[in-house]
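Take a look at the structure set out below.
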Amino acid sequence: MEDLYRTLYHMLFNAYTDCVDALEEGEYARAHSILIRAQRSCEERYLSAKNSALNPEPSP
């Protein structure tokens, strides 16, 4: 699970730096979009990992 949090951290940090760049360029709508997309991606990744841990595929 630690690897998952590390991955999510990197995803959000990269989005944050992209957002700062967009804000510095005055592109507020793009900055907003970057953060929303990162939030959704991280939520989907987290829920997918959580569901996989709770419902492992049966062994053949």
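The values are calculated or read from the model by the stated rules, or taken from the named source; none is laboratory data. All values derive from a computational prediction rather than experimental measurement. Positions of Cβ are generated from backbone atoms using ideal geometry, with glycine treated the same way; all protein chains shown enter the neighbour counts. The area values use the complete protein model at the heavy-atom level, side chains included, leaving out ligands, DNA and RNA. Shrake-Rupley method; radii C 1.70, N 1.55, O 1.52, S 1.80 Å.
Measuring with a 1.4 Å probe in the full set of protein chains, what accessible area per residue, in whole Å², belongs to the chain?
Ligands and nucleic acids excluded, the figure is 84 Å² per residue.
Find me the longest stretch of the chain that has none of the exposed GluC sites (Glu not before Pro), where exposed means in a DSSP loop (not H, G, I, E or B) with at most 15 other Cβ atoms within 10 Å.
28-60
Using a simple spin-label model with points 7 Å from Cα along the Cα→Cβ vector, what separation in nm is obtained for Y46 and Y16?
Computed distance between label sites Y46 and Y16 equals 1.5 nm.
Taking the Cβ of A38 as the center, what net charge do the other residues with Cβ under 13 Å away carry, scoring Lys and Arg +1 and Asp and Glu -1?
Once all neighbours under 13 Å are counted, the net charge is +1.
Under the rule of -39500 (n - 2.57) per DSSP H run of 4 or more residues, summed and divided by the residues of the chain, what mean residue ellipticity at 222 nm is obtained, to the nearest 500 deg cm²/dmol?
Theoretical 222 nm ellipticity from helices: -29500 deg cm²/dmol.
Report which label in (1) 12.9; (2) 11.4; (3) 14.4 holds the value of Kirkwood radius over Cα pairs in Å derived from the coordinates of this structure.
Label (1) holds the value from this structure.
Report the residue, chosen from Y28, Y16, Y46, that carries the largest GNM mean-square fluctuation when the chain is represented by alpha-carbon nodes joined by springs under 10 Å.
The residue with the greatest mean-square fluctuation here is Y28.
Whole-Hz Karplus ³J(HN,Hα) for segment 9-24, in order, using 6.51 cos²θ - 1.76 cosθ + 1.60 and θ = phi - 60°, x for Gly and Pro?
For segment 9-24, the Karplus-derived couplings read 4, 5, 4, 5, 5, 5, 5, 4, 5, 5, 5, 4, 4, 5, 5, 5 Hz, x marking Gly and Pro.
With angles folded into 0 to 90 degrees, how steeply does helix 28-54 sit against the dominant principal axis of the chain? Use alpha carbons for both and round to 10.
Between helix and principal axis, roughly 10 degrees.
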